[in-house]
Amino acid sequence: IQYPEVRRLFGLDFSTLKKFVRLAQPEHAPLFDEFEKAFQIEFDFRREARALEIIGKNIMPHYRNVVIPRPIPGLVSEFVFVMEKLDGTKLIDALKVEQAK
C-alpha cells in the first residue's frame, strides 16, 4: 500500500539531493535527473505488476528453482499491490549462502 504522502516526500528528498549534486558534482546533475524520472515510474503499482509478470515469464522457464510471485488480478491498483505469497528462501538469502560456500 502506497502511503498518501510518499510521492510528495520523495520529491522533496530528491530535490534536496539534486541541489547537493549540483553544488558538489555538477557534471552528475543530468544523471540524477534521469534517476528521478526512473523512480517516478515506481509509484504506479500497475506498472510494477506488469513488470513482475514479464520478469516471471522470462526467468522461470530458465531457472527451475526460482519462482517469481504473481500479482493477484483485480487486487492491483495505482496505489495497492497484492501478489501471491510464496514459501521458501528469499533469493538474496540463497545467494548469500551460495557466496559463503
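Count the lysine pairs in the chain whose Cα atoms sit under 24 Å apart, keeping only pairs 8 or more residues apart in sequence or on different chains. List each step's numbers first, then the result.
On the way: LYS18/LYS37; LYS19/LYS37; LYS57/LYS85; LYS57/LYS90; LYS85/LYS96; LYS90/LYS101.
Close lysine pairs found across the chain: 6.
Ignoring ligands, DNA and RNA, what percent of the 1.4 Å accessible area of the chain is carbon and sulfur?
In the chain, the share of accessible area belonging to carbon and sulfur is 62 percent.
What is the sum of charges around THR89, taking Lys and Arg as +1, Asp and Glu as -1, for the other residues whose C-beta is under 15 Å from the C-beta of THR89?
+2
If each of GLU84 and ILE72 carries a label point 7 Å out from its Cα toward its Cβ, how far apart are those two points in nm?
Distance between the two pseudo-spin positions: 1.3 nm.
Please state the relative contact order of segment 34-101 as a whole percent: Cα pairs under 8 Å, 6+ residues apart?
Values: 52 pairs, mean separation 19.3, N = 68.
Reported as a whole number, the value is 28 percent.
Once the Cα atoms of the chain are picked out, what are the Rg and Dmax in Å?
Over the chain's Cα set, Rg and Dmax evaluate to 17.9, 49 Å.
Relative to the longest principal axis of the C-alpha atoms of the chain, give the angle of the C-alpha long axis of helix 6-24, reported between 0 and 90° and rounded to the nearest 10°.
60
The values are calculated or read from the model by the stated rules, or taken from the named source; none is laboratory data. Remember, predicted model here, so these are calculated numbers, not experimental data. Note that we place each Cβ from the backbone using ideal geometry, even for glycine, and neighbour counts take in every protein chain shown. Protein only, heavy atoms only, side chains kept; ligands, DNA and RNA dropped before computing areas. Shrake-Rupley method; radii C 1.70, N 1.55, O 1.52, S 1.80 Å.
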